[in-house]
Amino acid sequence: MKSREEIRNSISIEQGDITRLAVDCIVNAANRSLLGGGGVDGAIHRAAGPELLQECRTLHGCETGQAKMTKGYRLKAKYVIHTVGPVYSGKPADRELLAACYRNSLELAKQNGIHSIAFPAISTGVYGYPLSEAVPIAVKTVLDWMERNQNYTLAVTFSCFDERTAEIYKEVTGAEEV
Ligand code: AR6
């Protein structure tokens, strides 16, 4: 049985572009159409190439909080898990839906034998979720899942596009209460 401290230490925080990471799987903060968009979604589609959009068309969208997987095509990552974060409304449901994105992505990774995964800060761009609220939800949900799935080795990276985001992740993962 690992301590919370040991689990916390197995998470890494990387500043930069998620499409450059050499992990088994990267997570996309998509929209319900799964047909591409701006932000990290646009960056992933550009880096993966047009075959990604072709495969996404066969998935017929995705509900908020759910996750679906494709291949990674020209990315270093072999797979992409597409999840749809909530548009921030300030209501309690936001929290549940955001946590579901992380949980469902981790479950899908495990079901597919993936052993390393990188998440962007889902919903914190175009969808307007304040980082100060979204990051503790992301970190707690991932740590809780790792604690429940200790028999499965999965290295988790939080990919932060800018320095401010990386600082917030470092503060939150370093805090005793998460
Ligand atoms: N690598 C890592 N993180 C990134 C990258 C990147 N290359 N580019 C942006 N981010 P957003 P959302 C960060 O807006 O809020 C799209 O149009 C960004 O700084 O990409 O979930 C979809 O199609 C922010 O911290 O996703 C949807 O319509 C985080 O990724 C909608 O945006 C998420 O920002 C989803 O909005």
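Being in a loop (DSSP other than H, G, I, E, B) and surrounded by 23 or more Cβ atoms within 10 Å (Cβ to Cβ) is the filter here; which residues of the stretch 87-122 pass it?
Within the stretch 87-122, PRO120, ALA121, ILE122 meet the criteria.
Residue-wise test of (1) in contact (Cβ under 8 Å) with a residue 24 or more places away in the chain; (2) within 15 Å of the ligand (Cβ to nearest atom); (3) of a type in the set (Val, Ile, Thr); (4) closer than 18 Å to LEU21 by Cβ.
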{"position": "LYS71", "(1), (2), (3), (4)": "no, no, no, yes"}
{"position": "LEU75", "(1), (2), (3), (4)": "yes, yes, no, yes"}
{"position": "ALA100", "(1), (2), (3), (4)": "yes, yes, no, no"}
{"position": "TYR169", "(1), (2), (3), (4)": "yes, yes, no, yes"}
{"position": "GLU176", "(1), (2), (3), (4)": "no, no, no, no"}
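Quick check, is ALA166 at pLDDT 95 or above, of a type in the set (A, V, I, L, M) and open to solvent by 10 Å² or more (accessible area, probe 1.4 Å)? Steps first, please.
Working: at pLDDT 95 or above: yes; of a type in the set (A, V, I, L, M): yes; open to solvent by 10 Å² or more (accessible area, probe 1.4 Å): no.
The answer is no for ALA166.
When the residues of the stretch 1-31 are narrowed to those that are in a helix (DSSP H, G or I) and within 7 Å of the ligand (Cβ to nearest atom), which ends up surrounded by the fewest Cβ atoms within 10 Å (Cβ to Cβ)? Show your work before the answer.
Within the stretch 1-31, the first condition is being in a helix (DSSP H, G or I), and the residues that meet it are 4-9, 18-20.
Retained after the next criterion (residues that are within 7 Å of the ligand (Cβ to nearest atom)): 18-19.
On the way: ILE18: 27, THR19: 22.
Here the answer is THR19.
Let me spell it out: the conditions are (1) buried (at least 22 other Cβ atoms within 10 Å of the Cβ); (2) within 10 Å of the ligand (Cβ to nearest atom), and TYR127 meets all of them except one. Which number is the exception?
Going through the list (1) buried (at least 22 other Cβ atoms within 10 Å of the Cβ); (2) within 10 Å of the ligand (Cβ to nearest atom), TYR127 breaks only (1).
Can you go through LEU34, LEU52 and tell me which one is among the aliphatic types (A, V, I, L, M), open to solvent by less than 40 Å² (accessible area, probe 1.4 Å) and within 11 Å of the ligand (Cβ to nearest atom)?
LEU34
The values are calculated or read from the model by the stated rules, or taken from the named source; none is laboratory data. Being a predicted model, the structure only gives us computed values, none of them experimental. Note that each Cβ is placed from the backbone with ideal geometry, even for glycine, and that neighbours are counted across all protein chains shown. To get the accessible areas, we keep the full protein, side chains included, count just its heavy atoms, and leave off ligands, DNA and RNA. Shrake-Rupley method; radii C 1.70, N 1.55, O 1.52, S 1.80 Å.
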